[in-house]
Amino acid sequence: MYTLSRRRNRSLASCEPCRKSKIRCDHGKPTCASCQRRGLHPQCWYHPAPLTKHRTSQRHSLSTPPGSLRVAQTGPPPQHPVESPLAETPKFHTWPFMSADPNDSSSLTLTPGRHNYNLKAHDEHLAAIQRIVAQLKLLPVIEKQLHEYYSFSLVALVPQPLLLQLIASIRAGLAASGYNQDSLDAELDIHCTSRLAEDILRASSLEVVITRDLDLPAFCAVFCGPNLRIETLGLLYTMAARATMFAVGDGHDEDRDNAFVRDMGWYGNLSLCLARELAPQTTDLITWLAHENLQLTTIFEGDASLGVWRRLGDLATDILALGLNREATHATTPFFLAECRRRTFARAYYLDKVFASVFMRPPRITARHADCSLPLDLSDEELFASSDVIEHAKLNLTPDGWNTDGKHRVATWARIRYILAEFREETVEYQFRVTHAADSVKLRELSDRCTQAWNRLPSHLQYRQDCWTSNLPPELCHMHAKIYLSYLHIHFQIYRLLGTAEGLITPQPELLEVSASMLETVIQMTNSRGRTSFSPRDLPGIVLSYGLPCAAILSAALENVMQDSTAGTRLPAGIKTSNLIRHLSVLVSQLESVSNPNETNYVFCLKASRAISRKLDGILDSFTVVSSTKTPAPGSVPEPVPTPPQIDSTAPIAMGEIDMSSLIDLDNFNLTDWAINFDIGMSDELRMF
């Protein structure tokens, strides 16, 4: 039973949200009517002594406006499980042995550098937020782009119900506060942007408290309405920029869309910088914004840029700061948020392993420091359903968490990528040290375990070459092929390491077979763009990252066969010389047409096409010489000399402007330099036409 607290004047005490907002409170418990109406019931609580001043000095922070002290919490202190000493979200600005009691004023954590905060910093923050808030006039356009985004995206990190609820909460909050009259016009008319910016600056400087009993509207109310935060706007802007890039060419005004992408990307990046500077603790929306910002930066700067590498490190920091690597931290959050966090960690872990294995960089997130479980193979709608529906959906899963209805969900791809990333991490361990003959057994055992894990996947998730002629949607075929290439690439790296460990001069048959499979899959994916209604935006990266290394391996092996034909050197039984030459010829043609002049990989594709074409010309010339000089057996009819296929070694577009002095030398081809994995950046999306 609740007891109503009274102040010294015997009047009933108001709850904290009503007291700070200076509105009338009906003193209802556990939640007053005003907080229920505003969606603030998680923050509705009654301070035992609201007007008591702290005895400690109030030093200012670089990220806190003058005259304000960082609020340690906006509601009752959360309850944490006691089973694990590391169950809590990591704490900062304090020492582990110091008390974390929120009621102990002497133990309040203080951000270093509060005394350095000045009015100029506050004004700069406020001016930046005002520019960001001004873009809210495009909220109807942003909402439209995001609806289109979810219509074709297969792996959107932020669930659609959650994002649409954020937009609805923003609209309702702006209308309720008098900043805008909610309408369906093409642009919103935002009033009092300076006051709105002040509110956002204040809310973004407060710590977010997540409790287990939050539902979807209550969770969004923590980041919207009166609590509208800067990371909320940044997330919408950045996702809208990515969504618009897929719509370019689909009957849209390209110049206008490009300007929209640049503006939204810039304001989204500014929002991320401000959110990290203002927030005393990382939030879920900051991690989602960091991921979207990483993907968008990859488009602008390229996979191998230093800016992308830095953003991946910042994303890893946000992930670890929020404790997403520890399963125990998910026990204090609502079910839907726990699953979203598992998906987020799986995505960040996967990207980290791609960079580590492809670019030879040390990983930031390691399996030895993580015990996060795989996300359940549930749909976005099931995540936000009632408890009864969720429990029923869980019963339909296999014991290891896969769905049994044969459908493809966002969590489905997250689970597969996480499984493959674990094997990638093991291969990385060998890339950072010298391999020896004793490592051969371990590497072959790693390859066997990877194969077994792939075979244990549900049958509807395993790639089949005939999927392109089946009833599967083309975007699903494309995603299946990408996952399959990622799986083959692990074996490709293992066999390369085996060759180094065993001191082999020529590639082993297993490496040639894997390379042939990867090359055939790449060609099938690229050919499909002319027979379907979509064109994957990541195709240039796929051809360069997988097709080119395979071409280097296979062309070298084919050249050895031609040179040592008298010694009986042959390709593996499963690889026919005619098919191999045909596939290499097709790859040359695809490299010339797969990228547009305004894309980052355009010049790389042209250079690769010319290099492979020259290599293939030499192979075919030697093949013709060997065939024409072969002495026929007595009494036999001479076989006709096979005519090599004609390969156009000239590029169709502006080849005279390309510097050919730096063309690739396939004889000394560096696989690491060219193995830019396509899954970074735009790999998760499809450009619709």
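The values are calculated or read from the model by the stated rules, or taken from the named source; none is laboratory data. Worth saying up front: this structure is predicted, and the values here are computed from it rather than measured. For neighbour counting, all protein chains shown are included, and Cβ atoms are generated from backbone atoms with ideal geometry for every residue, glycine included. We work out accessible area using only protein heavy atoms, side chains counted, and drop any ligands, DNA or RNA first. Shrake-Rupley method; radii C 1.70, N 1.55, O 1.52, S 1.80 Å.
Below, the figures for the structure above:
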{"item": "Where residue 411 falls short, out of the listed (1) within 21 Å of residue 154 (Cα to Cα); (2) open to solvent by 30 Å² or more (accessible area, probe 1.4 Å); (3) not in a loop (DSSP other than H, G, I, E, B)", "result": "(2)"}
{"item": "Matching residues in the range 280-310 - criterion: being within 24 Å of residue 201 (Cα to Cα) and open to solvent by 10 Å² or more (accessible area, probe 1.4 Å)", "result": "280, 281, 282"}
{"item": "Selected residue (criterion: modelled with the lowest pLDDT) from residues of the range 134-190 that are in contact with a strand residue (DSSP E or B) (Cβ under 9 Å, 6 or more places away or on another chain) and open to solvent by 50 Å² or more (accessible area, probe 1.4 Å)", "result": "151"}
{"item": "Residue in the range 387-408 that is modelled with the lowest pLDDT, counting only those that are part of a loop (DSSP other than H, G, I, E, B) and open to solvent by less than 70 Å² (accessible area, probe 1.4 Å)", "result": "406"}
{"item": "Residue in the range 231-251 that is open to solvent by 10 Å² or more (accessible area, probe 1.4 Å) and free of Cβ contacts under 8 Å to residues at least 12 places away in the same chain present", "result": "yes"}
{"item": "Scan of the range 344-386 for residues that are among the polar types (S, T, N, Q), in contact (Cβ under 8 Å) with a residue 12 or more places away in the chain and open to solvent by 30 Å² or more (accessible area, probe 1.4 Å), ordered by number", "result": "373"}
{"item": "Long-range neighbours under 7 Å by Cβ, at least six apart or interchain, first residue among the β-branched types (Val, Ile, Thr) within the range 432-459, second surrounded by 13 or more Cβ atoms within 10 Å (Cβ to Cβ)", "result": "435/497; 435/500; 435/501"}
{"item": "Within the range 418-446, tally of residues that are open to solvent by 60 Å² or more (accessible area, probe 1.4 Å) and of a type outside the set (A, V, I, L, M)", "result": "9"}
{"item": "Residue in the range 473-484 that is acidic (Asp, Glu) and over 23 Å from residue 402 (Cβ atoms) present", "result": "no"}
{"item": "Condition broken by residue 469, with the remaining ones in (1) open to solvent by 60 Å² or more (accessible area, probe 1.4 Å); (2) at pLDDT 90 or above satisfied", "result": "(2)"}
{"item": "Residue within the range 327-340 that is small (Gly, Ala, Ser), more than 21 Å from residue 416 (Cβ to Cβ) and open to solvent by less than 30 Å² (accessible area, probe 1.4 Å) present", "result": "yes"}
{"item": "Residue count for the range 216-256, restricted to those that are of a type in the set (D, E, K, R) and either under 25 Å from residue 130 (Cα atoms) or at pLDDT 95 or above (or both)", "result": "4"}
{"item": "Members of the range 581-606 found to be polar (S, T, N, Q) and buried (at least 21 other Cβ atoms within 10 Å of the Cβ), listed by number", "result": "590, 595, 601"}
{"item": "Residue list for the range 436-488, filter: assigned to a helix (DSSP H, G or I) and of a type in the set (Ser, Thr, Tyr)", "result": "440, 447, 451, 459, 469, 484, 486, 487"}
